[in-house]
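Notes to accompany the following structure.
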Number of protein chains: 2
Amino acid sequence: MPNFSSIPGHGFPADEFEYRVSRAQKIMAEHNFDAIVLTTPANFRYFSGFDSQFWESPTRPWFLVVSAEGAPVGVVPEIGAPELARTWIKNIHTWPAPRPEDDGVSLLADVLSGLPRRFGRVGMELGREHSLRMPVIELYALIDRLPGVEIANGSPCIWEIRMVKTQAEVARIRHICEIVSDSYAAVPELVKIGDSEREACRKVRIDILQRGADSVPFLPGISGPGGIPQIVCGPRDRVIEEGDILFFDSGSTYDGYFSDFDRNYAVGEITDEAKRAHDAVWLATEVGIEAAVVGGTTDNLHAVMSKVLEDAGTLGNNVGRLGHGLGMQLTEPPSNMPGDGTVIKAGMVLTIEPGMEYAPGKMIVHEENLVVTPDGPQLLTKRAPREMLAIS
Amino acid sequence: MPNFSSIPGHGFPADEFEYRVSRAQKIMAEHNFDAIVLTTPANFRYFSGFDSQFWESPTRPWFLVVSAEGAPVGVVPEIGAPELARTWIKNIHTWPAPRPEDDGVSLLADVLSGLPRRFGRVGMELGREHSLRMPVIELYALIDRLPGVEIANGSPCIWEIRMVKTQAEVARIRHICEIVSDSYAAVPELVKIGDSEREACRKVRIDILQRGADSVPFLPGISGPGGIPQIVCGPRDRVIEEGDILFFDSGSTYDGYFSDFDRNYAVGEITDEAKRAHDAVWLATEVGIEAAVVGGTTDNLHAVMSKVLEDAGTLGNNVGRLGHGLGMQLTEPPSNMPGDGTVIKAGMVLTIEPGMEYAPGKMIVHEENLVVTPDGPQLLTKRAPREMLAIS
């Protein structure tokens, strides 16, 4: 792996997309697909480079068709055409949207009908960890317009494509992880006892932006005496108090790529019990990082971390897994859990996320991000200190 | 309408949700639904008050069931149960997620099977301006598990419910509109000729947060000589130059409610042609605001604004409509466009968004947000000055 310590710019050269598409076409053939149709922001951007915040508006569907040969084809609302034309996508069909009676469906059906048929199957985002970004009734209408074509579950194929990252993708994840690492290190200067969770989050959010992140879509800040009951909601108006553990997690982005890792802070004096639990989870993280090697499995990642947590007396945790894939989304396949069965490959970016409830309602969760290389795991985050940073 | 000039807090009292649900139950009966099932963040939050940034993770589906009587029922991953239990939702079913072989589907089917059947129909988010937030293959599995129950398109029913806002909702939209209005007024102090669009956006994003917004999911900053070719993508690395028009749009949020309005800035000296176009669009906005009255229609809003733009020599625009609904999402039904046919009611919050291309690739778009009251339209934004603010 080259050294990515310099800051990557925004956007990728066309050969990055050409590589992604040609690799995808091989995988699509293995899945017996003549084409895949992408409707969701990350998948659309992955193959096109199209960057927009306009996905916030749920009104208009957008389609990108990756077929067995050549560059992808865009089927998009007129409002998006000028900017899509600035990417490497040159074959663009548009319709005047919104058009409730036919919002792109007939146009998409025409494009799909014109493709060579080898398998008679088109993959769409119908499966796990995908929410198709078009009305289901319009999916039904599309299926009706394509007799003889099977609209099948393309999700396993799409995730197989995206699960292994290119070096340019890894460079962006590393960059955002470094930004957030530096911000986490500054938290003891930013946050004080007596701040509300909401105020604390606002400070950290602004700090992450000032350090160069593009956006901070995910920043729960959660506090509780000696630990926290959950890790997904917050901030609230709760005031941070002596004896608390303050938890920040952050999915921040740079050029479309996410960080996803957390940190715990000791607010004033905390109990020895909390310190011991923190240390156990820190050690479980060490073991998880070491096990993220080519040829290992996500089941084994879970097993080795669980062993450490169980030896430390965990009561369990409600997260349901001990880490996952990371890239253009906050969480992506695979899942570090029993039965996931993913064999780890070079280029996978994973979160290592052990957590334990050491007393009822008192949970401590750690998380680091890494890329798997042929030479072993390479940390993308700046490793959490073994002893929690203190807030006063 | 009461005066909402004081800052609303975060969260709503239970009686707000009781009111929403009882009104929804009446509308559901008119649509012949025994229940509606909500999977998307805004709909889930609308009925439960559940606030989380964890929706960023696409891994686990969440379900909220609103039936003909009583409070909604949650069917959620274990990871979300502690926080959902802190809302007014007390009937909560959980499963250990992720569980790929059955991620909540059998549990949801059990809950739906246990409901009284009057119509034999359950509405889900299958229609326009909705993307069901669960895998389509799991929707198919749910349908298979519910013989005798029709899973129908609940979107028209759900949008009818959400389209009319309560006073507490309007207070939040007003608050975020005021924050963003103040930030827009400060842009001439924040942004300078020679800044890149990206730098300009970062400054404005941080300013909006410092003024009290919870998040800024949508902030395109776009510049171009005398106007811009599109309004949905950006910022880029382009440097802002003398003669440009700089355009900011923002969907910022407070307590789950969005602003959605834009502003144009003259960078140094701009042409008289651009000034004239700006004035025409400003006047079209005036006319649009005046027409947003109880009993009016969204078709008429489009007609009266179009007349002004056509008289001013518009070449058209690629947005496809001249404004829309606004609330928990950046854009919501209705659409101000021919054929939309929505009759305007008190409590609707609308954007008035005329735009015109006055020369090829040079578009000027204005936008304001208002609430319709029995006494006429009430602006939620601080009206854009008739003459563009200048950046030097």
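Can you tell me which residue within the range A:338-362, out of those that are touching a Pro at 6+ places or on another chain (Cβ under 7 Å) and not polar (S, T, N, Q), is farthest from A:GLU125 (Cα to Cα)?
At the first step, the residues of the range A:338-362 found to be touching a Pro at 6+ places or on another chain (Cβ under 7 Å) are A:340, A:342, A:346, A:361.
If we keep only those that are not polar (S, T, N, Q) as well, we get A:340, A:346, A:361.
Details: A:ASP340: 20, A:ALA346: 25, A:GLY361: 37 Å.
The selected residue is A:GLY361.
In the range B:327-359, the residue that is nearest to B:GLU169 (Cα to Cα) out of those that are crowded, with 20+ Cβ neighbours inside 10 Å and among the charged types (D, E, K, R) is B:GLU332. Selection within the range B:297-342: residues that are assigned to a helix (DSSP H, G or I) and among the β-branched types (Val, Ile, Thr). The member of this set that is farthest from the chain's Cα centre (by Cα) is B:VAL308. When the range B:54-92 is filtered for residues that are in a loop (DSSP other than H, G, I, E, B) and among the β-branched types (Val, Ile, Thr), the ones remaining, listed by number, are B:THR59, B:THR87, B:ILE89. Scanning the range A:208-219 finds one or more residues that are assigned by TED's automatic domain parsing to the domain that holds A:VAL372, in contact (Cβ under 8 Å) with a residue 24 or more places away in the chain, closer than 29 Å to A:SER57 by Cβ and in a helix (DSSP H, G or I).
What residue, among those in the range A:300-323 that are touching a residue at least 40 places away in the same chain (Cβ under 8 Å) and within 13 Å of chain B (Cβ to nearest Cβ), is surrounded by the fewest Cβ atoms within 10 Å (Cβ to Cβ)? It comes out as A:GLY316.
Based on what the data block shows, is A:ALA291 more than 14 Å from chain B (Cβ to nearest Cβ), buried (at least 21 other Cβ atoms within 10 Å of the Cβ) and of a type in the set (A, V, I, L, M, F, W, C)?
Values: more than 14 Å from chain B (Cβ to nearest Cβ): yes; buried (at least 21 other Cβ atoms within 10 Å of the Cβ): no; of a type in the set (A, V, I, L, M, F, W, C): yes.
It is false that A:ALA291 is more than 14 Å from chain B (Cβ to nearest Cβ), buried (at least 21 other Cβ atoms within 10 Å of the Cβ) and of a type in the set (A, V, I, L, M, F, W, C).
Selection over the range B:216-251 of residues that are crowded, with 22+ Cβ neighbours inside 10 Å, within 11 Å of chain A (Cβ to nearest Cβ) and more than 20 Å from A:ALA81 (Cα to Cα) gives a count of 3. Determine whether B:PRO8 is in a loop (DSSP other than H, G, I, E, B), within 14 Å of chain A (Cβ to nearest Cβ) and in contact with a His (Cβ under 8 Å, 6 or more places away or on another chain). It is true that B:PRO8 is in a loop (DSSP other than H, G, I, E, B), within 14 Å of chain A (Cβ to nearest Cβ) and in contact with a His (Cβ under 8 Å, 6 or more places away or on another chain). If the condition is being touching a residue at least 24 places away in the same chain (Cβ under 8 Å) and of a type in the set (Phe, Trp, Tyr), then the range B:21-51 contributes B:PHE33, B:TYR46, B:PHE47, B:PHE50.
Candidates B:ALA85, B:ALA141: the one that is closer than 19 Å to B:SER52 by Cα and either in contact with a Ser or Thr (Cβ under 8 Å, 6 or more places away or on another chain) or within 14 Å of chain A (Cβ to nearest Cβ) (or both) is B:ALA85. Scanning the range A:163-186 for residues that are crowded, with 20+ Cβ neighbours inside 10 Å and assigned to a helix (DSSP H, G or I) yields a count of 15. Of all residues in the range B:5-25, those being of a type in the set (Val, Ile, Thr) and at pLDDT 95 or above number 1. Give me a count of the residues in the range A:171-212 that are more than 26 Å from A:LEU326 (Cα to Cα) and of a type in the set (Ser, Thr, Tyr). Result for the range A:171-212: 1. Selection of the range A:23-43 for residues being assigned to a helix (DSSP H, G or I), within 14 Å of another protein chain (Cβ to nearest Cβ) and crowded, with 23+ Cβ neighbours inside 10 Å yields only A:ASN43.
Hey, does the range B:119-133 have a residue that's part of a loop (DSSP other than H, G, I, E, B), within 9 Å of chain A (Cβ to nearest Cβ) and at positive phi? Show your work before the answer.
Taking the range B:119-133 and keeping what is part of a loop (DSSP other than H, G, I, E, B), we get B:119-120, B:125-133.
Narrowing further to those that are within 9 Å of chain A (Cβ to nearest Cβ): B:125-133.
Still in the list and also at positive phi: B:129.
Taking every residue of the range B:119-133 in turn, at least one turns out to be part of a loop (DSSP other than H, G, I, E, B), within 9 Å of chain A (Cβ to nearest Cβ) and at positive phi.
Selection of first residues in the range B:131-148 that are under 20 Å from B:ASP34 (Cα atoms) and of second residues that are surrounded by fewer than 19 Cβ atoms within 10 Å (Cβ to Cβ) and β-branched (Val, Ile, Thr), restricted to Cβ pairs under 6 Å at least 6 apart or on distinct chains, gives the following pairs, ordered by first then second residue: B:ILE143/B:ILE151. Scanning the range A:337-358 for residues that are of a type outside the set (Val, Ile, Thr), within 18 Å of A:PRO156 (Cβ to Cβ) and within 14 Å of chain B (Cβ to nearest Cβ) yields A:MET337, A:GLY339, A:ASP340, A:GLY341.
Identify the residue in the range B:277-294 that is in a helix (DSSP H, G or I) and among the small types (Gly, Ala, Ser) and, among all such residues, is nearest to B:PRO225 (Cα to Cα). Ranking the candidates gives B:ALA277 first.
Identify, from the list A:PRO13, A:PRO72, A:PRO58, the residue that is more than 8 Å from chain B (Cβ to nearest Cβ), under 24 Å from the mean Cα position of the chain (by Cα) and farther than 16 Å from A:VAL122 by Cα.
Values: A:PRO72 fails: farther than 16 Å from A:VAL122 by Cα; A:PRO58 fails: more than 8 Å from chain B (Cβ to nearest Cβ).
Being more than 8 Å from chain B (Cβ to nearest Cβ), under 24 Å from the mean Cα position of the chain (by Cα) and farther than 16 Å from A:VAL122 by Cα holds for just one of A:PRO13, A:PRO72, A:PRO58, which is A:PRO13.
Just one residue in the set B:ASP102, B:ASP51 is surrounded by fewer than 17 Cβ atoms within 10 Å (Cβ to Cβ), part of a loop (DSSP other than H, G, I, E, B), within 14 Å of another protein chain (Cβ to nearest Cβ) and at pLDDT 95 or above; that residue is B:ASP102. Contact annotation: residue pairs with Cβ atoms under 6 Å, 6 or more positions apart or on different chains, pairing a residue in the range B:374-392 that is in contact (Cβ under 8 Å) with a residue 24 or more places away in the chain with a partner that is part of a loop (DSSP other than H, G, I, E, B), are B:PRO374/B:ALA346; B:GLY376/B:VAL293; B:PRO377/B:ALA292; B:ILE391/B:VAL191.
Restricting attention to the range A:343-382, the residues that are assigned to a strand (DSSP E or B) and not small (Gly, Ala, Ser) total 22.
For the range B:194-214, the criterion of being among the acidic types (Asp, Glu) and under 27 Å from B:ASN43 (Cβ atoms) is satisfied by at least one residue. With respect to (1) touching a helix residue (DSSP H, G or I) at 6+ places or on another chain (Cβ under 9 Å); (2) over 20 Å from B:ILE222 (Cα atoms), the lone exception for B:THR298 is condition (1). Scanning the range A:147-162 for residues being under 19 Å from A:PRO61 (Cα atoms) and either out of contact with any strand residue (DSSP E or B) (no Cβ under 9 Å at 6 or more places or on another chain) or surrounded by fewer than 17 Cβ atoms within 10 Å (Cβ to Cβ) (or both) gives a total of 0. Among the candidates A:PHE12, A:PHE54, the residue that is free of Cβ contacts under 8 Å to residues at least 60 places away in the same chain and in contact with a helix residue (DSSP H, G or I) (Cβ under 8 Å, 6 or more places away or on another chain) is uniquely A:PHE54. When the criteria are applied in full, A:LEU64 fails the requirement of being farther than 30 Å from B:GLY256 by Cβ, aliphatic (A, V, I, L, M) and out of contact with any helix residue (DSSP H, G or I) (no Cβ under 6 Å at 6 or more places or on another chain).
The values are calculated or read from the model by the stated rules, or taken from the named source; none is laboratory data. All of these numbers come straight from a predicted model, not from anything done at the bench. Cβ sites come from the backbone with ideal geometry, for glycine too, and all protein chains shown count toward neighbours.
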